[in-house]
Amino acid sequence: MTIWEILRERIIALGGGALLDFFAPARPPERSEGFAMAVVALGAKMAKSDGRVTKDEVRSFREVFQISDDDLPNVGRLFDLAREDVAGFDLYASRIARMFKDRKDVLETLLDGLFYIARADGILHENEMLFLRTVADIFGITGTCFERIHLRNLPDSEISPYAMLGVTPDMTLPEIRQVWRKLAAHLHPDRLQGEGIPQEALRLSERRLAEINAAFEEIKRARQPAS
């Protein structure tokens with residue numbers, strides 16, 4: 001049984017109650033289920049914030065979670081339920097923040113995934129940015145950490161390899177290499193899996209790891225002496 005089938009059955013078991021009840025402290029979901037449902041719930045609320053859901057946003061969601069054609073109806077139903085739920089997105093974000101209160105890196109990964117979905121159509125809309133900033137505040141992700149996530153999720157044409165790594169062009173290559181190695185070690189799938197990170201979060205981390213590796217290679221090539 002896939003995680004999307006499990007989530008659908010869990011929601012049915014709520015007996016038509018608010019989708020927010022999925023995160024009730026009395027019977028919390030497994031962390032992998034909770035993470036996946038968090039992305040669905042907050043993704044749906046974010047899509048509603050700019051008044052439309054584009055094909056690119058749907059595609060990016062499928063990329064993140066590798067959703068099969070068979071599972072699309074389950075995901076679509078969960079998405080619709082979350083979008084129509086009267087509960088505000090801040091309530092969802094608060095429940096999720098409590099669920100992962102001891103794992104700030106998971107909350108950062110979730111915010112990164114929401115940014116990725118939001119920018120899928122090439123634009124970060126004003127309402128989406130307001131949504132993302134509010135979620136970040138609830139997650140306790142502020143200041144330079146939020147700006148770093150924002151910079152690496154600018155539309156593709158605006159993302160520099162330096163922003164992707166959170167470094168500046170005036171840094172030396174050894175300094176940049178040190179930052180890259182620290183990020184790569186932090187995002188390595190074996191390390192994250194050993195720490196019990198949900199499988200769905202691992203997929204987002206794998207995408208992020210590929211991006212920072214490509215960014216470092218681009219900077220390194222640009223700084224090689226001309227032959």
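Would you mind ranking Y92, Y116 so that the residue whose beta carbon has the fewest other beta carbons within 10 Å leads the list? Walk me through the numbers on the way to the answer.
Details: Y92 25, Y116 20.
Placing the least packed residue first, the sequence is Y116, Y92.
Sorted largest first, the principal axis extents computed over the alpha-carbon atoms of segment 65-142 equal 37, 29, 27 Å.
Arrange the peptides 33-45, 100-112 so that the one whose residues have, on average, the most other Cβ atoms within 10 Å appears first.
Values: 33-45: 23.8, 100-112: 19.5.
In decreasing order of mean packing, 33-45, 100-112 become 33-45, 100-112.
With a Förster radius of 25 Å, plug the Cβ-Cβ distance of C145 and D190 into 1/(1 + (r/R0)^6) and report the FRET value to the nearest 0.05.
On the way: r = 24 Å, r/R0 = 0.97.
Calculated transfer efficiency: 0.55.
Net charge in the neighbourhood of L173 (other residues with Cβ under 13 Å of its Cβ; Lys, Arg +1, Asp, Glu -1) is +1. For the pair V179 and E9, the difference between a 0.36 nm per residue extended length and the Cα-Cα distance amounts to 56.9 nm. Maximal additional length on extending the R98-A210 stretch stands at 37.4 nm, based on 0.36 nm per residue less the C-alpha distance.
Taking a threshold of 29 Å on the Cα-Cα distance, which of the pairs K45/K104; K48/K104; K48/K220; K101/K182; K45/K101 fall above it? Mind showing how you got there, number by number?
On the way: K45/K104 22 Å; K48/K104 26 Å; K48/K220 41 Å; K101/K182 23 Å; K45/K101 21 Å.
Exceeds cut-off: K48/K220.
Computed from the coordinates by the stated procedures, all read-outs in this text should not be read as laboratory data. Values in this document were obtained by computation on a predicted structure and should not be read as measured data. No Cβ is skipped: glycine too gets one built from the backbone with ideal geometry, and neighbour counts run over all protein chains shown.
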